[in-house]
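Asks: Dropping a structure here in structure tokens format, bear with me for questions.
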Amino acid sequence: MVICKTIQDVEYIENTLKLNQSSFSKIIRYSRNDNQEYLAANSRAESKHILVATNQAGRGTDIRLSKEVENSGGLHVCVTF
């Protein structure tokens, strides 16, 4: 999970990650909680998924992890500001 300060930061990191998408299987963008991004962010996080979110959008979100992720130590969070 990558926590960003602004929606513009989310867009920048998401686009940068897309340049090297072979390292992971899915990018989940969550910069707002009033659209389809909310549904994607509340799906089960699998290994090699990257969630890019704003601090505001992520508040109160229950991120569910797959058993594989839980058994590997859980979610790694990077705060970028």
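The values are calculated or read from the model by the stated rules, or taken from the named source; none is laboratory data. This structure is a prediction, so every number in the text was calculated from the model and none was measured. Cβ atoms come from the backbone with ideal geometry, glycine included; neighbour counts cover every protein chain shown. The protein model used for the area step is the full one, side chains on, heavy atoms only, and it has no ligands, DNA or RNA in it. Shrake-Rupley method; radii C 1.70, N 1.55, O 1.52, S 1.80 Å.
Asks: Looking only at the stretch 3-28, how many residues end up being within 15 Å of Val79 (Cα to Cα) and surrounded by 16 or more Cβ atoms within 10 Å (Cβ to Cβ)?
Replies: 6
Asks: When residues of the stretch 33-46 are filtered for being at pLDDT 70 or above and open to solvent by 50 Å² or more (accessible area, probe 1.4 Å), how many remain? Outline the logic, then answer.
Replies: Residues of the stretch 33-46 at pLDDT 70 or above: 43-46.
Cutting the leftovers down to open to solvent by 50 Å² or more (accessible area, probe 1.4 Å) gives us 44, 46.
Number of matching residues: 2.
Asks: Return the total of residues in the stretch 49-62 being closer than 21 Å to Asp9 by Cα and either at pLDDT below 85 or loosely packed, with under 13 Cβ neighbours inside 10 Å (or both).
Replies: So the answer is 7.
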